[in-house]
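Some notes on the structure that comes next.
All of the numbers you see were taken from the coordinates with simple rules; none came from a lab. Note that the structure is a prediction, hence the values are computed from the model and not measured. Because the Cβ atoms are built from the backbone with ideal geometry, glycine has one as well, and the counts that use them run over all protein chains shown.
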Amino acid sequence: MLLYLIRRIIYAVPIALAVSLFCFLLVHIAPGDPINAILPPDAPADVVAQVRALYGLDKPLPLQFGIWLGHIVTGDFGRSLATGRDIWPDLASALKNTLILASASAFIGFILGTLLGSLAAAFNGTWIDRTCVGIAVAGVSVPHYWLGMVLVVIFSVTLNMLPAMGAGPDGTSNWMLDWAHLQFLILPAVTLSVIPMGIVTRTVRGIVSEILNQDFITTLRGKGLRRSGIIVHVLKNAAPNALAVMGLQLGYLMGGSILVETVFAWPGTGFLLNNAIFQRDIPVLQATILVLAMFFVALNLAVDLLQTAIDPRMRRS
């Protein structure tokens, strides 16, 4: 297990380097000049040159990448072109808010998906199965932003039950687990949970259906094992594959919430990315994309280790 962990970490190093290179190049090949975000169009040429040199944009791209990567390794994410502030405090606050939103969405989506998928598999071929599958298909088909706007119209505008924007009554900091803050989380979390709910439902249904048709389940039933005991065996065998899908979905929730965060003005990484795109703030774009990508790599590693811990058949020496 220890050797497998070391090997997986070693494998993650070139992936991290490739991701960092991709993040660096991605924003540089986009059209436009980032200097336009901080200088007026009629700025003198010498001022433009000075600002470009100040941010290191006058150097060749390979040298820029080396300098940028060196700063990232030491924890220096640079300064925002739009605000002039250090990037990390704003990025850390946005990352915390996105983690809160993604965790709540994952909790809702994974619980509902597991229940619906297990229910559909247990009543395979019946109206219950078709209903659960229909809910799953609707979940993966409905656009996030459209569902978010519909929920805002219903629960915020019409019924005036829940707030439509923001992360809490006192702004974006000091988020706490109380009703004053939770009510701001409900609508974006429900909106963001529908796609993972649909994917997990279909995944769990397929896995559980396959396990229920295996010979060892028939043997357990023949020995008179209670239904609860059979369910335990089924869930234990379904857990590794289901966890892999859930881990990927959690990563997608972290990186794919930009539209939902924009609709609800949730101050997370998606909202930060959206502002940085319109402001052409290259350092913020690079830092945010890189942190989210590294989180995804780390999450995959954690899921692999958890799978090997649950299922000894997947354990490698």
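Results, tabulated for the structure shown:
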{"quantity": "Neighbourhood charge, 13 Å Cβ-Cβ cut-off, centred on Leu116 and excluding it, Lys, Arg +1 and Asp, Glu -1", "calculated": "+2"}
{"quantity": "Förster-model FRET efficiency, 35 Å R0, Thr218 and Ala138, C-beta, rounded to 0.05", "calculated": "0.55"}
{"quantity": "Cα gyration tensor shape of the chain, rounded if a/c is under 1.5, else prolate or oblate by comparing a/b with b/c", "calculated": "oblate"}
{"quantity": "The chain - mean residue ellipticity at 222 nm from DSSP helices (-39,500 (n - 2.57) per run, n ≥ 4, rounded to 500)", "calculated": "-24500 deg cm²/dmol"}
{"quantity": "Sequence-distant lysines (8 or more away, or on other chains) whose Cα lies within less than 26 Å of Lys223", "calculated": "Lys236"}
{"quantity": "Ranked list, fewest to most other Cβ atoms within 10 Å of each Cβ, for Met176, Met254", "calculated": "Met176, Met254"}
{"quantity": "Computed label-point distance, nm, for sites Ser156 and Leu182 using a 7 Å Cα→Cβ extension", "calculated": "2.0 nm"}
{"quantity": "Mean separation of Cα contacts under 8 Å (6+ apart) over length of the chain, as relative contact order %", "calculated": "27 percent"}
{"quantity": "For Tyr55, Tyr145, Tyr11, order by how many other beta-carbon atoms lie within 10 Å, fewest first", "calculated": "Tyr11, Tyr145, Tyr55"}
{"quantity": "FRET efficiency estimate (nearest 0.05) - Cβ-Cβ, Leu54 to Leu25, R0 22 angstrom", "calculated": "0.50"}
{"quantity": "Order of Cys23, Cys132 under a 10 Å beta carbon neighbour criterion, fewest first", "calculated": "Cys23, Cys132"}
